[in-house]
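Peer 1: A single structure is presented below for examination.
Derivation of every value follows stated rules applied to the coordinates shown; laboratory data play no part. These figures come from a predicted structure and were not determined experimentally. With ideal geometry, Cβ positions are generated from the backbone for all residues, glycine too; neighbour counts draw on all protein chains shown.
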Amino acid sequence: MKVKNQIEDYVRCETLMPILGMQILPIPEMPTRRALALLTEDGSLALGVTAESAQELSDLLAKAAAEMRRAS
């Protein structure tokens, strides 16, 4: 994973929150990307994804879901 330089006056807070909803939205100015919008109790989070990162996320989530089903 590539880590960017820190942005001045930006605080990243990592917490474990359930996802209440999600959408994949087009970005008209960037037709080769989409916005992955996640709704949490703390508000929304939007991440820009490419076709490659969307596929990788899909594969990782499918693998995690299979592992969680086996564990239950």
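Peer 1: Could I have the simple spin-label model distance between L38 and M68, label points 7 Å from Cα toward Cβ, reported in nm to one decimal?
Peer 2: It is 1.1 nm.
Peer 1: Would you order I27, I19 from fewest to most other beta-carbon atoms within 10 Å of each residue's own beta-carbon?
Peer 2: Ranking I27, I19 by Cβ neighbours within 10 Å, fewest first, gives I19, I27.
Peer 1: Looking at S44, A71, L61, which one has the Cα that reaches farthest to the positive end of the dipole of the stretch 21-71 (charges on Cβ: Lys, Arg +1; Asp, Glu -1)?
Peer 2: Value: A71.
Peer 1: Can you classify the stretch 21-71 as rounded, prolate or oblate using the Cα gyration tensor, where a ≥ b ≥ c are the square roots of its eigenvalues, rounded means a/c under 1.5, and otherwise it's prolate if a/b beats b/c and oblate if not? Let's see the in-between values first.
Peer 2: On the way: a/c = 3.86, a/b = 1.47, b/c = 2.63.
Oblate, because a/c is 1.5 or more while a/b does not exceed b/c.
Peer 1: Quick check for me: using +1 on Lys/Arg Cβ and -1 on Asp/Glu Cβ, what's the dipole size of the stretch 21-71 about its Cα centre, in debye to the nearest 20?
Peer 2: Working: 5 positive and 7 negative charges, 41 e Å.
Its charge dipole is roughly 200 debye.
Peer 1: On to the next question. Sorted by packing (mean other beta-carbon atoms within 10 Å per residue), highest first, where do 64-71, 35-42 land?
Peer 2: On the way: 64-71: 8.8, 35-42: 13.1.
Ranked by mean Cβ neighbours within 10 Å, highest first: 35-42, 64-71.
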